[in-house]
Amino acid sequence: MPDVCLYFQVHQPNRLVYCDPAARGVSSFHEDDAMNAAILSRVAESCYLPANRMFKRLIEQHEGRFRFALSISGTAIEQMERHRPDVLESFQDLVAGGGVELLAETYYHSLSFIHSNKEFDRQVDLHLQKMEDLFHVRPRVFRNTELIYNDTIAAKAETMGFDGILAEGVDRCLKGKSPNFLYRAPQTAKIKTLPRNSWLSDDLGFRFSDPKWPDHPLTPQTYAKWLADSPGDMVNLFMGYETIGESQPANTGIFDFWNALPDAVQDANLQWVTPSEVVELYRASREYPCRFLTSWADAERDLSAWTANPMQRESLAAAYALEKDVIAANDPALTDAWSKLQTSNHFQWMSTKGGHNPYRNTKDAYERFMSVVEDLKAHLSKAGVNA
């Protein structure tokens, strides 16, 4: 029977204010700090704090047999440091107790790999350093933003010294093969690819509270049986942490489900493993060729959530066009402001495909973003750099 590998993403983006053209070049702080604080506190109370308490207790009760992985973005950590240090302390306590592996990612939860190799390197290094500073660990497994992946990204992660990399198990790349095995990308020597089992992950991330779902209400025993009946070496369950208590509110029974799942998995004679343990335990005996960029977003599992329309493409191009001048300016405040513009959510909020948006509409998201770009140009011009 397969092992169970569980991973959660923890991320908070920075929402932007609209920069008045009359005030360009005055302040390099472009965040809607009140909105950031309010959303962080809401998610902290609904998800982060109760989920951390629950999982710490479950790890202790099962003496480490229940374990999982977290990937925490740098922007989420900075917001916790600024607005809710108690939440950051809760994550530190959870990790310090054992049973939780931390993964590496881009510090700003960005699309940097697609646009700038140097910026990608910088952001991964920043994130690794933050993990060492706050949690005293150095991750061995890499998870790119929104599981964006292809053969080149896998090869890059190998050159950076990672033992494993997470990916979406995309049908057009698997070509009929099961995601429940370790794979290797073409032209790589050692790094192993862990494909997400999208069906079983989305049962918990999206379908769990849907009363129209034929399997609603889902019990831990039923889900553990599905896991046990799955062929392969492991089942990789990857999802956002906010599915617990936020997108799946407490009144759906989500906390009761997770409280009981470790016992149900144990009763089914399955064991929990972390991504680095999977890499150590199993051979990558199959090849996973993935020439085109994939992700875990939407039904398309591609980059269309961030790049499908002209607003998104123009914004991405405008942001990365500033890289050379931002580096030349050598101003930490401007570098920070530019870095935060790269967070993937900014472009997703411009998507016309629907979904969550903290602003009035997609056009508002675009206008706020571009106003910040113009403001950064004004700052760079004042610094004597041509932007």
*Carbon and sulfur together cover what percent of the accessible area of region 272-332 at a 1.4 Å probe radius?*
53
*Expressed as a rounded percentage, what relative contact order does region 211-327 have, with Cα pairs under 8 Å and six or more residues apart?*
19
*Could you tell me which GluC sites (Glu not before Pro) in region 48-105 are loop residues by DSSP with no more than 10 other beta carbons within 10 angstrom of their beta carbon?*
GLU63
*Between region 1-55 and region 83-120, how many Å separate their Cα centres?*
12
*Residue-normalised accessible area of region 1-139, expressed per residue, 1.4 Å probe, Å²*: 38
*Using Cα positions and a limit of under 12 Å, work out the aspartates and glutamates in reach of LYS56, with same-chain residues fewer than 8 apart set aside.*
ASP93
*Rounded, prolate or oblate: which fits region 59-114 when a ≥ b ≥ c are the square roots of the eigenvalues of the alpha-carbon gyration tensor, with rounded for a/c under 1.5 and prolate only if a/b beats b/c?*
oblate
*Quick one: which residues, 5 or more positions from GLU101 or on another chain, have an amide H under 5 Å from its amide H? H modelled 1.01 Å from N in the peptide plane, none for Pro or chain starts.*
PHE68, ALA69, LEU70
*Determine the relative contact order of the chain: mean sequence separation of Cα pairs under 8 Å and six or more apart, normalised by residue count, in whole percent.*
24
_Rounded to the nearest 20 debye, what is the charge dipole size of the chain about its Cα centre when +1 sits on each Lys and Arg Cβ and -1 on each Asp and Glu Cβ?_
760
_Helix 33-43 vs. the chain, principal-axis angle (Cα, 0 to 90°, nearest 10)_ = 10
*Under 1.5 on a/c is rounded, so check that first for region 1-153, then, if it is not, pick prolate when a/b is larger than b/c and oblate when it is not; a ≥ b ≥ c are the square roots of the alpha carbon gyration tensor eigenvalues.*
oblate
*asked:* Projecting each Cα onto the charge dipole of the chain (Lys/Arg +1, Asp/Glu -1 at the beta carbon, about the Cα centre), which of TYR48, GLN61, TYR149 comes out farthest on the positive side?
replied: TYR149
*Hey, can you grab everything whose amide H is under 5 Å from the amide H of CYS290? Only 5+ residues off in sequence or another chain; H modelled, so Pro and N-termini drop out.*
ASP151
*Would you indicate which of (i) 65, 47, 42; (ii) 67, 52, 35; (iii) 87, 61, 42 is the value of Cα extents along the principal axes in Å derived from the coordinates of this structure?*
(i)
*For region 267-358, state which chymotrypsin sites (Phe, Trp or Tyr not before Pro) are in a DSSP loop and have at most 16 other beta carbons lying within 10 Å of their beta carbon.*
PHE292
*Could you sort ARG368, ARG143 by accessible area so the largest value comes first, with the probe set to 1.4 Å?*
ARG368, ARG143
_Can you give me the % of accessible surface on region 172-240 that is carbon or sulfur? Probe 1.4 Å, all protein chains present, nothing else counted._
56
*asked:* Restricting to DSSP H runs of at least four residues, report the calculated mean residue ellipticity at 222 nm for the chain, -39500 (n - 2.57) per run over all residues, nearest 500 deg cm²/dmol.
replied: -13000 deg cm²/dmol
_Cα-Cα over 30 Å, subset of LYS156/LYS225; LYS177/LYS225; LYS190/LYS353; LYS353/LYS382; LYS175/LYS353_ = LYS156/LYS225; LYS190/LYS353; LYS353/LYS382
*asked:* Just to verify a number: what accessible area does ARG140 come out at with the full protein assembly present, 1.4 Å probe, Å² rounded to tens?
replied: 90
*Among rounded, prolate and oblate, which fits region 92-217 when a ≥ b ≥ c are the square roots of the eigenvalues of its C-alpha gyration tensor, a/c under 1.5 means rounded, and a/b larger than b/c means prolate?*
oblate
_Before I look further, what does region 269-387 give for accessible area per residue, probe 1.4 Å, in whole square angstrom?_
46
*Considering only protein heavy atoms and a 1.4 Å probe, what is the carbon-and-sulfur percentage of the accessible area of region 63-155?*
46
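The values are calculated or read from the model by the stated rules, or taken from the named source; none is laboratory data. For clarity, every value in this text was computed on a predicted model and none was experimentally measured. No Cβ is skipped: glycine too gets one built from the backbone with ideal geometry, and neighbour counts run over all protein chains shown. For the accessible areas, the whole protein counts, side chains as well, though only heavy atoms, and no ligand, DNA or RNA atoms are used. Shrake-Rupley method; radii C 1.70, N 1.55, O 1.52, S 1.80 Å.
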